[in-house]
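Data block below; observations after.
The values are calculated or read from the model by the stated rules, or taken from the named source; none is laboratory data. Just so it is clear, the model here is predicted, and its values are computed rather than measured. Ideal geometry is used to build each Cβ from the backbone, glycine not excepted, and the neighbour counts take in all protein chains shown.
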Amino acid sequence: MSDKNVLAILGSPHPNGMTSAMLNQAIRKAKQLGYDVTKINLYEKKLSFCTGCRACMNTHRCVQNDDIQEIVSLLHHCQIVILAAPVYWANVPAPVKNLFDRLLGTVMEETKQFLKPRMRGKKYMILTSCNTPVPFSWLLGQSSRAIRNMDQFFKTAGMKKIGSVVCANAKNKKTLSKHTVKKIDRRLK
Ligand SMILES: Cc1cc2nc3c(=O)[nH]c(=O)nc-3n(C[C@H](O)[C@H](O)[C@H](O)COP(=O)(O)O)c2cc1C
């Protein structure tokens, strides 16, 4: 593997939806910039629920042997994570939340007083879509809360934000607007 690896995660159940279109655009741009991109579809992965056993705090990896093992390896080998997830109840869809839960001890450790990040040096980008139109998507805390929750995971992991892009009013759109495409491309530059 090269030292220019992107892990692109689709956290939407719709491979032909708006969130997926955003991720595909980011992948196109990353490839143009010379990155090797590995794309995974979370809805195709076998991921049991986090049981809250916290063994991962010592093992750095979840002790359940399912597709989380592959995702942890991909995470260790990439420099950039691009997470694309639609807004569900002003938050992320359940499989995305479960991924965060399953990665607890992979991305952080607990010292006596502080949380210590385990993913320093990596970067992340967030792509999200919602049905609420602008500016209400932001003012009513729809996309903003979902992004805040995703930020919480990545920031705790010690990762640096490249940026986030929202596609609001998604139900009335069939394709990405030029504006959204530009925003995605610009963030990755
Ligand atoms: C269970 C569920 C909850 C949703 N909650 C919200 C919400 O809180 N705010 C909002 O603006 N849209 C909400 N939506 C609409 C989705 O954000 C919208 O369908 C999504 O952007 C489409 O992305 P996709 O094309 O990847 O499926 C929800 C949709 C579902 C299925």
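Overview of results
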| item | result |
| --- | --- |
| Test: F136 is at pLDDT below 95 and either polar (S, T, N, Q) or over 18 Å from V37 (Cα atoms) (or both) | yes |
| Single residue of the stretch 138-152 satisfying the filter (more than 11 Å from the ligand (Cβ to nearest atom) and among the charged types (D, E, K, R)) that is nearest to M125 (Cα to Cα) | D151 |
| Some residue of the stretch 65-88 being surrounded by fewer than 20 Cβ atoms within 10 Å (Cβ to Cβ), under 14 Å from M150 (Cβ atoms) and not acidic (D, E) | yes |
| Selected residue (only one of S164, S143 is among the polar types (S, T, N, Q) and either in a helix (DSSP H, G or I) or closer than 24 Å to E109 by Cβ (or both)) | S143 |
| The stretch 31-48 residues that are modelled with pLDDT of 95 or more, paired with ones that are of a type in the set (A, V, I, L, M, F, W, C) and in a loop (DSSP other than H, G, I, E, B) (beta carbon under 8 Å, 6 or more apart) | D36/M1; T38/C78 |
| Residue tally, condition part of a loop (DSSP other than H, G, I, E, B) and touching a residue at least 24 places away in the same chain (Cβ under 8 Å), over the stretch 167-189 | 6 |
| Test set (1) of a type in the set (D, E, K, R); (2) part of a loop (DSSP other than H, G, I, E, B); (3) within 16 Å of the ligand (Cβ to nearest atom) - R61 fails condition number | (3) |
| C50 vs. criteria touching an Asp or Glu at 6+ places or on another chain (Cβ under 7 Å), buried (at least 16 other Cβ atoms within 10 Å of the Cβ) and not small (G, A, S) | yes |
| Residue satisfying all of: in the stretch 1-32; of a type in the set (K, R) and out of contact with any Phe, Trp or Tyr (no Cβ under 6 Å at 6 or more places or on another chain); surrounded by the fewest Cβ atoms within 10 Å (Cβ to Cβ) among these | K31 |
| Within the stretch 13-53, tally of residues that are part of a loop (DSSP other than H, G, I, E, B) and either among the acidic types (D, E) or within 16 Å of the ligand (Cβ to nearest atom) (or both) | 5 |
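Quick grid of which residues meet (1) within 16 Å of the ligand (Cβ to nearest atom); (2) of a type in the set (D, E, K, R); (3) farther than 28 Å from D36 by Cβ; (4) at pLDDT 95 or above:
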position: A55; (1), (2), (3), (4): no, no, yes, yes
position: S73; (1), (2), (3), (4): no, no, no, yes
position: A84; (1), (2), (3), (4): yes, no, no, yes
position: W89; (1), (2), (3), (4): yes, no, yes, yes
position: P93; (1), (2), (3), (4): yes, no, no, yes
position: E110; (1), (2), (3), (4): no, yes, yes, no
position: P117; (1), (2), (3), (4): no, no, no, yes
position: R120; (1), (2), (3), (4): no, yes, no, yes
position: M125; (1), (2), (3), (4): no, no, no, yes
